[in-house]
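Q: Got a structure here, written out as structure tokens. Questions coming.
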Amino acid sequence: MSAFMFATGIENSYPTIKLPDGTMQRVDELEKTGHYERWREDFALVKEMGIEFLRYGPPYYRVHTGPSQYDWAFTDETFGALRELGITPLVDLLHFGLPDWLGNFQNPAFPEHFAAYAGAFAARFPDLQFYTPINEIFVTTMFSAQYGWWNECLASDQAFVTALKHVCRAGVLAMQAILAVQPGATFIQSESAEYFHPETPAARPLANFLNQKRFLSLDLTYGYPVSVAMYEFLLKNGMTDAEYHWFDDQHIKAKCIMGTDYYRTNERMVREDGSTYPAGDVFGYYVIAKQYFDRYRMPLMHTETNLWEPDAVNWLWRQWANAYRLKQDGIPLVGFTWYSLLDQVDWDTALRENNGRVNPLGLYDLDRKIRPVGRAYQRLIAQWKDVLRDESYGVHINY
């Protein structure tokens with residue numbers, strides 16, 4: 001059966017943050033939203049929505065307890081329930097954090113250990129087809145190693161490039177490990193689709209640089225040749241020529257769908273002093289996603305979006321209008337996602353502060369009561385599902 005993938009997700013971020021007293025603390029969204037206790041109820045909500053595809057993953061830091069050591073208890077329960085319910089998981093294997101024993105993304109041993117975990121997961125669940133090996137590599141590395149917000153809490157080009165090469169390598173090795181078990185696997189790179197607008201003519205050089213830098217995680221993952229400026233930037237900050245060309249030889253792109261995440265903060269204004277601030281949806285999802293498609297020429301999925309109430313319903317319809325126009329214009333768009341199923345906690349500070357503040361971004365609130373955007377998405381799926389099946393062409397997702 002072919003289907004357009006209408007999806008949602010259960011937010012499962014778990015980075016570590018540095019508290020004001022200098023100690024490190026794990027931020028676990030599954031814990032903050034009550035999912036560990038209410039996961040059966042949460043899966044029932046997915047069915048209630050009429051959603052067949054769920055971005056979902058186990059808490060990596062709890063599962064991978066040591067080298068080649070795994071605690072599968074919670075994973076077995078939850079993925080077994082998804083199978084029984086007929087919900088197809090888009091398996092989210094790493095979402096912004098590492099187990100304590102691996103430290104952080106500066107660790108050069110991390111890629112091989114993560115690949116072993118991915119292979120072990122695939123062997124345990126050999127029937128699963130769709131994977132997001134590492135969520136938002138660009139955001140993971142920027143927030144951890146360029147902005148100093150998460151995990152290693154570093155803020156330098158050297159730290160960023162180190163994290164980037166390790167996380168991209170881990171993603172590629174994980175895909176290869178999964179394919180060794182499940183040759184029919186399909187990988188969906190959920191990545192932040194961004195654009196930088198110069199505020200003044202003097203800000204143009206930096207905006208141009210950032211508009212090349214935004215592609216680096218996908219360039220490496222897909223073996224796409226970077227610009228001379230980006231190659232020099234990578235080598236100047238610790239990537240070797242051999243490390244760069246390793247990505248050229250992996251040829252994983254043909255197994256991938258390019259997932260693009262778009263929020264109101266994805267387009268940014270660049271000031272002359274180098275700082276940036278959110279610009280809102282100046283171009284919008286259509287223009288930004290098409291830039292990514294024109295670069296890589298591969299199937300596309302809208303893998304994340306949301307907005308706070310009271311603007312959520314309007315935002316949903318605007319995002320859908322952009323996505324559907326892409327499809328009408330011949331772009332092989334295979335799915336659309338409102339992220340996430342439930343309200344989130346502390347994303348108003350990008351998880352940097354442990355305030356326990358609920359962000360009303362979900363299809364349901366944390367009491368598991370449906371929000372207006374939940375009803376709107378439910379209607380959208382019901383109205384468009386059969387239409388999209390009739391219009392299906394080019395790429396068919398079989399499940």
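Q: GLU11's amide H: which non-local residues (gap 5+, or another chain) put their own amide H closer than 5 Å, with H modeled 1.01 Å from N in plane and none for Pro or chain starts?
A: Under 5 Å from the amide H of GLU11: LEU341, LEU342.
Q: LYS290: which aspartates and glutamates have alpha carbons under 12 Å from its alpha carbon, excluding same-chain residues fewer than 8 sequence positions away?
A: GLU194, ASP329
Q: Also: Does the chain classify as rounded, prolate or oblate by the C-alpha gyration tensor (a ≥ b ≥ c root eigenvalues; a/c under 1.5 gives rounded; else a/b over b/c gives prolate, otherwise oblate)? Display every interim value, and only then the final one.
A: On the way: a/c = 1.25, a/b = 1.13, b/c = 1.11.
Judged from the Cα gyration tensor, the chain comes out rounded (a/c under 1.5).
Q: Find out how many positive minus negative residues lie around ILE10, taking Lys and Arg as positive, Asp and Glu as negative, among other residues whose Cβ is under 11 Å from that of ILE10. The partial results should precede the final answer.
A: Numbers: positive: ARG38, ARG55; negative: GLU11, GLU29, ASP42, ASP92.
So the environment of ILE10 carries a net charge of -2.
Q: Taking every Cα atom in region 296-385, find the radius of gyration and the maximum pairwise distance Dmax, and write them in Å.
A: Computed over the Cα atoms of region 296-385, radius of gyration and Dmax are 14.6, 45 Å.
Q: State in Å² the accessible area per residue of the chain; use a 1.4 Å probe, count heavy atoms of protein chains only, and round to the nearest integer.
A: Values: 15020 Å² over 399 residues.
Heavy-atom SASA per residue in the chain reads 38 Å².
Q: Can you pull the percent of the chain's accessible area that's carbon plus sulfur, 1.4 Å probe, other chains left in place? Before the final figure, lay out each step's value.
A: Working: 7790 of 15020 Å².
The value for the chain is 52 percent carbon and sulfur by accessible area.
Q: Continuing with the same structure: Placing +1 on the Cβ of each Lys and Arg and -1 on the Cβ of each Asp and Glu in region 67-150, which of PHE143, PRO99, GLY80 has its Cα farthest towards the positive end of the resulting dipole?
A: Checking the options against the dipole of region 67-150, the answer is PHE143.
Q: Still on this structure, I have one more. Which lysines does LYS18 reach when only Cα atoms under 28 Å apart count, and residues fewer than 8 places away in its own chain are ignored?
A: Counting by Cα, and skipping residues close in sequence, LYS18 has these lysines nearby: LYS32, LYS165, LYS213.
Q: Here's a follow-up. Arrange the residues TRP72, TRP320 by how much accessible surface each exposes, largest first, with a 1.4 angstrom probe.
A: Heavy-atom accessible area, descending, gives TRP72, TRP320.
Q: Under a straight-distance cross-link criterion of Cα-Cα below 16 Å, which lysines are reachable from LYS47, leaving out those fewer than 8 residues away in the same chain?
A: LYS369, LYS385
Q: Going by the alpha-carbon gyration tensor, a ≥ b ≥ c the square roots of its eigenvalues, is region 171-305 rounded (a/c under 1.5) or, if a/c is not under 1.5, prolate (a/b greater than b/c) versus oblate?
A: Working: a/c = 2.73, a/b = 1.41, b/c = 1.93.
Verdict is oblate for region 171-305.
Q: Of all beta bridges DSSP finds with both residues in region 35-177, what is the antiparallel percent, to the nearest 5? Mind showing how you got there, number by number?
A: Details: 2 of 9 bridges.
Percentage antiparallel, nearest 5: 20.
Q: Ok, one more. What size of dipole, in debye to the nearest 20, comes out for region 178-295 about its Cα centre when the only charges are +1 on Lys and Arg C-beta atoms and -1 on Asp and Glu C-beta atoms? Mind dumping the intermediate values first?
A: Working: 11 positive and 15 negative charges, 45 e Å.
Dipole size: approximately 220 debye.
Q: Additional query: Which value, in debye to the nearest 20, gives the size of the charge dipole of region 110-213 about its Cα centre, when Lys and Arg are +1 and Asp and Glu are -1 at the Cβ? Each step should come with its number before you reach the end.
A: Details: 5 positive and 8 negative charges, 34 e Å.
The calculated dipole for region 110-213 is roughly 160 debye.
Q: Take each complete run of DSSP H in the chain, measure how far its Cα atoms stretch along the helix's own axis, and keep only those covering 18 Å or more with mean Kyte-Doolittle hydropathy at least -0.5; list them. Don't skip to the end; give the middle numbers.
A: On the way: long enough: 35-49 (20 Å, -1.19); 73-85 (19 Å, 0.00); 110-124 (21 Å, 0.31); 157-181 (36 Å, 1.10); 312-328 (24 Å, -0.81); 372-391 (28 Å, -0.75).
What comes out of the filter, once short or polar helices are dropped, is 73-85, 110-124, 157-181.
Q: On to the next question. Taking 8 Å as the Cα distance limit and 6 or more residues as the minimum spacing, I'd like the relative contact order of the chain as a percentage. Mind showing how you got there, number by number?
A: On the way: 751 pairs, mean separation 72.4, N = 399.
It rounds to 18 percent for the chain.
Q: Let me ask something additional. With +1 assigned to the C-beta of every Lys and Arg and -1 to the C-beta of every Asp and Glu, and no other charges, what is the dipole magnitude of region 1-159 about the Cα centre in debye, to the nearest 20? Present the calculation step by step, with values, prior to reporting the outcome.
A: Working: 10 positive and 21 negative charges, 20 e Å.
For this selection, approximately 100 debye.
Q: So for the chain: antiparallel DSSP bridges make up what percent, rounded to the nearest 5?
A: 30 percent
The values are calculated or read from the model by the stated rules, or taken from the named source; none is laboratory data. Just so you know, these numbers come straight off a predicted model, no measurement behind them. FYI the Cβ positions are ideal-geometry reconstructions off the backbone, even for glycines, and counts take in every protein chain you see. Surface accessibility is based on the protein's heavy atoms, side chains included, excluding ligands, DNA and RNA. Shrake-Rupley method; radii C 1.70, N 1.55, O 1.52, S 1.80 Å.
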